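Colleague: Before anything else, here's the structure in question.
The values are calculated or read from the model by the stated rules, or taken from the named source; none is laboratory data. All figures in this text were calculated on a predicted structure; none of them were measured in a lab. Glycine gets a Cβ as well: all are built from the backbone with ideal geometry, and neighbour counts include every protein chain shown. Areas reflect the complete protein model, heavy atoms only, side chains present, ligands, DNA and RNA absent. Shrake-Rupley method; radii C 1.70, N 1.55, O 1.52, S 1.80 Å.
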Amino acid sequence: MNSKKPCILAISSGGGHWVQLLRLRPAFEDGNIVYSSVKPEYQSDLAESDKFILISDATRWDRIRLIWMVMQIIYLLLKLRPDVVISTGAAPGYVAIRIGKLLGAKTVWLDSIANSEELSLSGQKIGRHADMWLTQWEHLSRSDGPFYFGSVI
Amino acid sequence: MAFDRLVQSVDCWIKTQPSAYGFAQVGPGGYQPANMEWIEFASPDLFRKKLIQADLVIAHAGMGSIISAQQYGKPIVILPRRANLRETRNDHQVATAKHFSDRMGIFPVYDEKDLPEVLASVPIGRAMEPISSYASEELLTRIKGFIHS
């Protein structure tokens, strides 16, 4: 049995996505966790011993920034080789899960609780790729995913 | 992102509350209040400090604001941004306001003209139990189980 601590990359864009990611912290115990998001100030939300990697913010409407963000995430994943990639969205998480999957990581998408009436667009698209595909609203869950196991608040 | 419709309404309202002190994060290029202290973007540390000091939070219906207020046990009045006013890309904030309206400490308002009335009805200063710092037990267990499987 492999008792090595799994390396977990927890990545999200800013605002509510980051706040929700932090509320999952107890799930990352017993793992080597690396956090990644889009504002340097977010480091102050973490313990001093927590590792934080800054990446550029981008949305699907900004091609150039998106390409730069993708390159940063590819570099991060090749360097880190995480066992698990988990994200609460949006675009950085989508990219990290797609690439993480190609590199053999287990992947988790938790759609933001802000999407109460339908899944986010990236949440819909990631379904085919994420190993664990989750929504935080029971009425949005489906028999073959996304699944509902609770919410961050 | 600026939300002038909200900041302007609160700025007007607070003028009628002589004993109230207001602090506003107005966003880049946002409306500059005349009756409140303001900053374009508050660092997480400053935001936390102001949140701890606050008796009431008034914000857009964004999950970051809602969760932060709830984590510190502060009542929050939320005004959703609207797509038709080009305040955001779609009306998910309106949906958020509706879905969270039955939670303790969350007070939605859908029209900024109703803000003074809603603000008058909020139990400001009454101690509220902060929510836990973490997600639901089951969600955490499932994710942790998957990580170690």
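Colleague: Report relative contact order for chain B in percent, whole number only (criteria: Cα-Cα under 8 Å, sequence separation at least 6).
Modeller: 19 percent
Colleague: Next question, about the same structure. Using only alpha carbon pairs under 8 Å that are at least six residues apart, calculate the relative contact order of region A:26-113 and give it in whole percent.
Modeller: 20 percent
Colleague: To the nearest 0.05, what FRET efficiency results for A:Leu103 and A:Asp144 with a Förster distance of 35 Å applied to their C-beta separation?
Modeller: 0.90
Colleague: Can you give the FRET efficiency to the nearest 0.05 for B:Met104 and A:Asp131, using r as the Cβ-Cβ distance and R₀ = 51 Å?
Modeller: The value I calculate is 0.90.
Colleague: Take the Cα pairs of region A:23-70, get the Kirkwood Rh, then feed it into Stokes-Einstein at 10 °C and 1.306 mPa s and tell me D in µm²/s. Before the final figure, lay out the partial values.
Modeller: Numbers: Rh = 12.4 Å.
Translational diffusion coefficient: 128 µm²/s.
Colleague: Okay, moving on. What share of Cα pairs, in percent, lie more than 23 angstrom apart in the protein assembly as shown?
Modeller: On the way: 25670 of 45451 pairs.
Summing the P(r) tail past 23 Å for the protein assembly as shown gives 56 percent.
Colleague: So who's got an amide H within less than 5 Å of the one on B:Ile58, skipping anything under 5 residues away but keeping other chains? H placed 1.01 Å off N, in plane.
Modeller: Answer set, sorted by chain and number: B:Val77.
Colleague: List residues of region B:1-41, by number, whose backbone nitrogen lies under 17 Å from a label position 7 Å along Cα→C-beta of B:Arg86.
Modeller: B:1-6, B:28-31
Colleague: As a check on your grasp of the helix formula, calculate [θ] at 222 nm for chain A: sum -39500 (n - 2.57) over DSSP H runs of n ≥ 4, divide by the residue count, round to the nearest 500.
Modeller: So the calculated ellipticity at 222 nm is -8500 deg cm²/dmol.
Colleague: Tell me, what HN-Hα J-couplings in whole Hz come from the Karplus equation 6.51 cos²θ - 1.76 cosθ + 1.60 at θ = phi - 60° for each residue of region A:95-101, using x for Gly and Pro?
Modeller: For region A:95-101, the Karplus curve yields 5, 5, 6, 4, 6, x, 4 Hz.
Colleague: Sorted by accessible area with a 1.4 angstrom probe, largest first, how do B:Trp38, A:Trp133, A:Trp68, A:Trp109 fall?
Modeller: My answer, sorted largest first, is A:Trp68, B:Trp38, A:Trp133, A:Trp109.
Colleague: Let me ask something additional. Identify which of B:Ala54, B:Ala135, B:Ala97 has the largest mean-square fluctuation in a Gaussian network model of chain B, with springs joining Cα atoms closer than 10 Å.
Modeller: Maximum among the listed residues: B:Ala135.
Colleague: P(r) for region B:101-149, please, calculated from all Cα pair distances in 5 Å bins and given in %.
Modeller: Binned Cα distances yield the sequence 4, 15, 15, 16, 11, 10, 10, 9, 7, 3, 1.
Colleague: Per-residue ellipticity at 222 nm for chain B, helices alone: DSSP H runs ≥ 4 residues times -39500 (n - 2.57), over residue total, nearest 500 deg cm²/dmol?
Modeller: -11000 deg cm²/dmol
Colleague: Same structure, new question: Run the reach check for A:Lys106 against aspartates and glutamates, Cα to Cα strictly under 20 Å, same-chain hits fewer than 8 apart removed. What comes back?
Modeller: Hits, sequence-local ones excluded: A:Glu29, A:Asp30, A:Asp83, A:Asp131, A:Asp144, B:Glu138.
Colleague: Here is a further query. Which residue, A:Pro92, A:Pro26, A:Pro40, has the most motion in a Gaussian network model of chain A that connects Cα atoms within less than 10 Å?
Modeller: Among A:Pro92, A:Pro26, A:Pro40, the largest mean-square fluctuation in the Gaussian network model of chain A belongs to A:Pro26.
Colleague: At a probe radius of 1.4 Å, figure out the A/B buried accessible area, summed over both chains, and give it in Å² to the nearest 100.
Modeller: Between A and B, the summed buried area is about 3200 Å².
Colleague: Roughly how compact is region B:1-138, stated as its Cα Rg over 2.2 N^0.38 Å to two decimals? Please list the in-between numbers first.
Modeller: Values: Rg = 14.4 Å, N = 138, 2.2 N^0.38 = 14.3 Å.
Computed over Cα atoms of region B:1-138, the ratio equals 1.01.
Colleague: Moving on. Give a residue-ordered list of calculated ³J(HN,Hα) values for region B:19-25 (Karplus: 6.51 cos²θ - 1.76 cosθ + 1.60, θ = phi - 60°; whole Hz; x for Gly, Pro).
Modeller: Couplings: 8, 8, 10, x, 10, 10, 9 Hz.
Colleague: Continuing with the same structure: For a Förster distance of 22 Å, can you work out the FRET efficiency between the beta-carbons of A:Cys7 and A:Ser44, rounded to the nearest 0.05?
Modeller: 0.40
Colleague: Ok, one more. For B:Arg82, list long-range residues whose amide hydrogen, built 1.01 Å from N in the peptide plane, is under 5 Å from its own amide hydrogen.
Modeller: Those lying under 5 Å, H to H, from B:Arg82 are B:Glu87, B:Thr88.
Colleague: Shifting gears a bit: How large is log10 I(q)/I(0) at q = 0.14 Å⁻¹ when the Debye formula is applied to the Cα atoms of region A:34-153, each weighted equally and without solvent?
Modeller: Reported log10 I(q)/I(0), two decimals: -0.61.
Colleague: Throw me the Rg/Rh for region A:47-111, computed over C-alpha atoms with Kirkwood Rh, two decimals.
Modeller: Ratio of gyration radius to Kirkwood radius: 0.97.
Colleague: For chain A, what does the relative contact order come out to in percent, with C-alpha contacts under 8 Å and a separation of six or more?
Modeller: Relative contact order of chain A: 20 percent.
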